[in-house]
Every structure is written in structure tokens, then in C-alpha cells.
Amino acid sequence: MRVLIVDDHPLVIEGVKMLLKQESDIEIVAQAESGLEALQKLKQDPEITVALVDLNMPEMSGVELTQFIREQAPQVRVLVLSMTHDHASVTEVLEAGGSGYVLKNTTREELGEAIRQIVAGRTFFSREVGATLLQNYELASLRLPPREEVPVSLTTREREILKLIAQEYSNYHIAETLFISERTVETHRKNILTKTNSKSVVGLIQYAMRHKLIS
């Protein structure tokens, strides 16, 4: 697994490199201190599979960089590294196309596992990040008044894609699984979000669980 590290603090880059040095299946092949430099490095090495991206950077934020990577190098999985894990930041990363969110106090074991999981087409969150998402979901459920809501009608293909999204498959791996193009997957994903009136993948999963569209 070929990895690019993006952080505007050289000491952080060196720290991550030291953490991953013992992982025989993970190779740090490039580093960048800005979003623009990161995009250049991705063009120079199209075989990079993972970008470890700092969330808070000047000029181009980690969320903005994630969006550009999704558009320009969709084969690259993005794992965000951050000091904070508020719900808004995590949701923005997911909506931008990020595959995972790990705190900077992570261990070598957790960081290595996060990289392997997202390369396999899944998502990965640090324990604290997962807890934040769960807590927000529970609070939102308490705030919502009970109401009758008729579930939308999804096509067979949309239901297939919805189930794979719930299994944490990326667009790339959904396309491989269903033998369709990644652009077609993206179109279906947008249609599903529109139909269910969901603003993010987290909201979509909540909707699907509420209406028993997935188990």
C-alpha cells in the first residue's frame, strides 16, 4: 500500500512516518505540506493508494483536498488525521468522500488497521470518533417527534447500492462488485440521497435503518 502524507507540520509527518515504519505492507512514498503540493504528488505517482490528510491546513483545508482527490484521483482512499472529532467535522469529511477519520493520538496498530480497512473498501473511525457519531444519532432520535413517514420507493439497483453503502463499500468497490462504472454509482448515490432527503451518508443510513431498508 503506497501512502501519501499531507500535513503542514513537518514534525507530524515525521511522527507518522516513524509510526508506520514497522508496517511491512505499508510504504510512505510521498509527503506534502499543502493541498496543492499533495495534488501534484498524486499526479506524479498514480499508484498511490492512500492519502493521510490533516484536517486543518491553510489555503486548502483537509475537506477541500478530499473533495479534489475524489474528483481527480478517485482510486485514492482518504484517511483524515485530526486533533478534533466534533460531529460537524466528521460529517463534512464523509460528505467530501473521505473513507476514514483517525485522531492524531492514534497508535501504530490503529493507524495500520485504518489504512488496511479503507484500502479494502471499508470505512474506519477511531473509537472516539465512532462514539461521537453514535451519540449524535441517539440525540437526534430523541429530538425527533414520532411521525408517520412513508418510505420512498427505490429501484432494485438503488437498493443494491444502498446495502453496499451500509456495508461501508466505497464507490470504487461498489462499481467493481456490481460491474458498473464508478460514475454510474455516483449518480445512483446522488439519486438515493435526493429521494430519501438525506444530507449525508450518516443520514442515509439512519433513514434506511428507520424504514428497515437494511438490516
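The values are calculated or read from the model by the stated rules, or taken from the named source; none is laboratory data. These figures come from a predicted structure and were not determined experimentally. Cβ sites come from the backbone with ideal geometry, for glycine too, and all protein chains shown count toward neighbours. Each accessible area value is taken on the protein alone, full model and side chains, heavy atoms only, with ligands, DNA and RNA left out. Shrake-Rupley method; radii C 1.70, N 1.55, O 1.52, S 1.80 Å.
List of remarks:
- Estimated distance in nm for a label pair at HIS87 and THR187, the labels positioned 7 Å out from Cα along Cα-to-Cβ: 3.5
- Per-residue [θ]222 nm for the chain (sum of -39500 (n - 2.57) over DSSP H runs n ≥ 4, rounded to 500): -16000 deg cm²/dmol
- 11 Å cut-off, amide nitrogen to a point 7 angstrom out along GLN44 Cα→Cβ, residues in the range 1-33: 30-33
- Charging the Cβ of each Asp and Glu at -1 and of each Lys and Arg at +1, and nothing else, the dipole of the chain about its Cα centre rounds to 880 debye.
- For the chain, with +1 on Lys and Arg beta carbons and -1 on Asp and Glu, the positive-most of ILE5, THR155, THR123 along the dipole: THR155
- Per-residue packing, averaged as other Cβ atoms within 10 Å, sorts the ranges 55-61, 80-86 into the order 80-86, 55-61, beginning with the highest.
- Along each principal axis, Cα extent of the range 18-97, largest first, Å: 34, 27, 22
- Structure note, pairs LYS43/LYS199; LYS21/LYS104; LYS104/LYS199; LYS17/LYS41: Cα-Cα distances above 21 angstrom occur for LYS43/LYS199; LYS104/LYS199.
- Gain upon complete extension [ASP25, ASN56; 0.36 nm per residue less C-alpha separation]: 8.4 nm
- Per-residue 3J(HN,Hα) values for the range 196-211, derived from phi via the Karplus relation 6.51 cos²θ - 1.76 cosθ + 1.60 with θ = phi - 60°, read 8, 6, 9, 8, 7, 4, 4, x, 5, 5, 4, 4, 4, 5, 5, 9 Hz in sequence order (x marks Gly and Pro).
- Surface analysis of the range 1-140 yields an accessible area of 48 Å² per residue, using protein heavy atoms and a 1.4 Å probe.
- Whole-percent carbon and sulfur share, accessible surface of the chain, 1.4 Å: 53
- Of all segments of the chain bounded by trypsin sites (Lys or Arg not before Pro) found in a DSSP loop with no more than 14 other C-beta atoms within 10 Å, the longest spans 22-146.
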